[in-house]
Amino acid sequence: MLHIIGLGTKKGELTQDALAALRGAGAVYVRTATHPSAESLREAEIPFESLDGLYASSRNYDTFVTKAVRLIRAKAKGGDVCYCADGGTFEDRVACVLAGEKGAEVFPGVSKSAAAAAKAGIAGSYTAVSATETDA
């Protein structure tokens, strides 16, 4: 089974359900180990592999997304796998693609845009758009 987990924006935002999925997984992959949210995994003593090297070796972000999706899909064929994104899952293109997989389970997490809006004191509705999704 494939679990897609949003780690949140900082240490301590990992949900109990996501933590249970992580503890039961045969393999855990994080988009980046450099984000503060990865500290939640370290604190819980959950071993993981970072995709930082894959990102660094990719020509551009689209290439990284393609390679990461291919890697996680292949690993998920062999058993329970977690893919973890910093922030919320739907702010991460790899997570968005993987969420469409049959039987995938999503643990959304605290989004970066929601955390930024709260910090800025924005009440009410707002629209957040990723810079990677714009033409500018």
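The values are calculated or read from the model by the stated rules, or taken from the named source; none is laboratory data. All values reported here derive from a predicted model rather than from experimental measurement. In this analysis, Cβ positions are derived from the backbone assuming ideal geometry, glycine residues included, and neighbour counts consider all displayed protein chains. For the accessible areas, the whole protein counts, side chains as well, though only heavy atoms, and no ligand, DNA or RNA atoms are used. Shrake-Rupley method; radii C 1.70, N 1.55, O 1.52, S 1.80 Å.
Here's the picture: a label point sits 7 Å out from the Cα of Ser58 along the beta-carbon direction, and within segment 64-84 the residues with their amide nitrogen under 20 Å of it are 64-77, 81-84.
What accessible area per residue, rounded to a whole number of Å², is obtained for segment 10-84 using a probe radius of 1.4 Å? Intermediate results must be reported in sequence, preceding the final value.
Details: 4140 Å² over 75 residues.
Counting only protein heavy atoms, the per-residue value for segment 10-84 is 55 Å².
Solvent-accessible area of segment 1-112 (1.4 angstrom probe, protein heavy atoms only): carbon and sulfur portion equals 51 percent. Kirkwood Rh over Cα pairs of segment 1-91 into Stokes-Einstein at 10 °C, 1.306 mPa s: D in µm²/s? It comes out at roughly 121 µm²/s. Counted over segment 1-109, the DSSP beta bridges are approximately 5% antiparallel.
The Cβ shell under 13 Å around Ala99 holds other residues with a net charge of -1, Lys and Arg each +1, Asp and Glu each -1.
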